[in-house]
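Engineer: First the structure, then my questions, so here it is.
Quick note: the coordinates plus some simple rules give every number you see, no bench work behind them. Note that the coordinates shown come from a computational prediction; the quantities given were computed from them, not determined experimentally. Cβ: placed from backbone, ideal geometry, glycine included. Neighbour counts: every protein chain shown.
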Amino acid sequence: MFPSFNISVASFALSGLFSILIAWQAFRVWKLQRNRLAGIFFKSIVFFSLYFWVRALASFLFSHSPCVLTGAYILSHVFLGIGVAYTAKFGFTSLNSSRANSIFLVFLILYASDVILNIFLPNHPHFNQELNIIEWGTNKYVGIYHTLLNWSGFLFVCLIFFYQAIKNWDNKLVRTKSLLIAGGLLSSIFLSIPRNIFRTPTFQLIADLGLVLSLGIILLGTTVDQKEK
């Protein structure tokens, strides 16, 4: 089967590229400023990047091979789960909570159960030729569980960034960065993550496009200080 360039490939590849750029920004802050939070954020973005690139490569090379797409879907969720666990750890660490490591382990366990559910209740992906996208065909109940896990991690961190923006409202740079990152997370919460609940082809297309938009906004938030210099 020949490689197929489709909207899903573009969505995940661009998201993977944006993630690499975001991770680089976090890595620089982590190493130059010895910022522990930046280190945790960097690790979360690295695993999200792996998630995106597994999906992108599978969508490009095997868009008409349901078995391979199913395997890539399961593998990508391993990386996604670790990324969400680090995201939750980032949130609790920013609050100086002693439970940050425990929360990290809880999310790893919950996502391990999500991966197991995906194995025993597999998805049924197929290529939608009309919309030029991959429909991943997540099991209804697995999709609900998976969505709730993602929402719980992302919404928590989104609220923290909004809080930082309000707390530092007089500091234009901090306010702008926090609002952009929070806005990107919020965009993901509403436009991308619900793809496993609202499984219509149209929403799958919206989710693919929303994913790129969300990562683009977050990338802008991590680089805005450089643009002002």
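Engineer: For the range 1-72, which trypsin sites (Lys or Arg not before Pro) pass both filters: DSSP loop (anything but H, G, I, E, B) and at most 15 other C-beta atoms within 10 Å? Don't skip to the answer; put the middle values down first.
Structural biologist: On the way: sites: Arg28, Lys31, Arg34, Arg36, Lys43, Arg55; in loops: Arg34.
Loop-located and lightly packed - Arg34.
Engineer: 222 nm [θ] for the chain, helices only, -39500 (n - 2.57) per DSSP H run of 4+, per residue, to 500?
Structural biologist: Working: 7 runs with 179 residues, N = 229.
Result for the chain, helices only: -28000 deg cm²/dmol.
Engineer: Residue-wise, which Karplus ³J(HN,Hα) couplings in Hz belong to the range 82-94, taking 6.51 cos²θ - 1.76 cosθ + 1.60, θ = phi - 60°, and x for glycine or proline?
Structural biologist: With coefficients 6.51, -1.76 and 1.60, one gets 5, x, 5, 4, 5, 4, 5, 4, 4, x, 6, 5, 5 Hz.
Engineer: Report the Rg/Rh value for the range 1-108, based on alpha-carbon coordinates and the Kirkwood definition of Rh. Let's see the in-between values first.
Structural biologist: Numbers: Rg = 15.9 Å, Rh = 14.7 Å.
Ratio of gyration radius to Kirkwood radius for the range 1-108: 1.08.
Engineer: If only Cα atoms are counted, what is the Rg of the range 107-154, and what is its Dmax, in Å?
Structural biologist: 12.5, 38
Engineer: From the P(r) of the range 108-191, could you give the percentage of C-alpha pairs in the tail past 17 Å? Don't jump to the answer; show the numbers that get you there.
Structural biologist: Numbers: 2152 of 3486 pairs.
Pairs farther apart than 17 Å: 62 percent.
Engineer: List the relative contact order of the chain as a percent without decimals, with contacts defined as Cα pairs under 8 Å and 6+ residues apart. Write down the numbers at each step before the final one.
Structural biologist: Numbers: 363 pairs, mean separation 47.4, N = 229.
Relative contact order for the chain comes out at 21 percent.
Engineer: Quick one: compute the contact order of the range 105-228, relative version, from alpha carbon pairs under 8 angstrom and 6+ residues apart, as a percent.
Structural biologist: Details: 143 pairs, mean separation 28.5, N = 124.
The value is 23 percent.
Engineer: Further question: For the chain, give the magnitude of the charge dipole about the Cα centre (Cβ charges: +1 Lys/Arg, -1 Asp/Glu; no others), in debye to the nearest 20. Present the calculation step by step, with values, prior to reporting the outcome.
Structural biologist: Values: 17 positive and 7 negative charges, 173 e Å.
So the magnitude is around 840 debye.
Engineer: Hand me the trypsin sites (Lys or Arg not before Pro) from the range 63-151 located in a DSSP loop with no more than 14 other Cβ atoms within 10 Å, in residue order please. Present the calculation step by step, with values, prior to reporting the outcome.
Structural biologist: Details: sites: Lys89, Arg99, Lys140; in loops: Arg99.
The qualifying sites are Arg99.
Engineer: Viscosity 1.002 mPa s, temperature 20 °C: what is the translational diffusion coefficient of the chain from Stokes-Einstein with a Kirkwood Rh over Cα pairs, rounded to a whole number of µm²/s?
Structural biologist: On the way: Rh = 17.9 Å.
D = 120 µm²/s.
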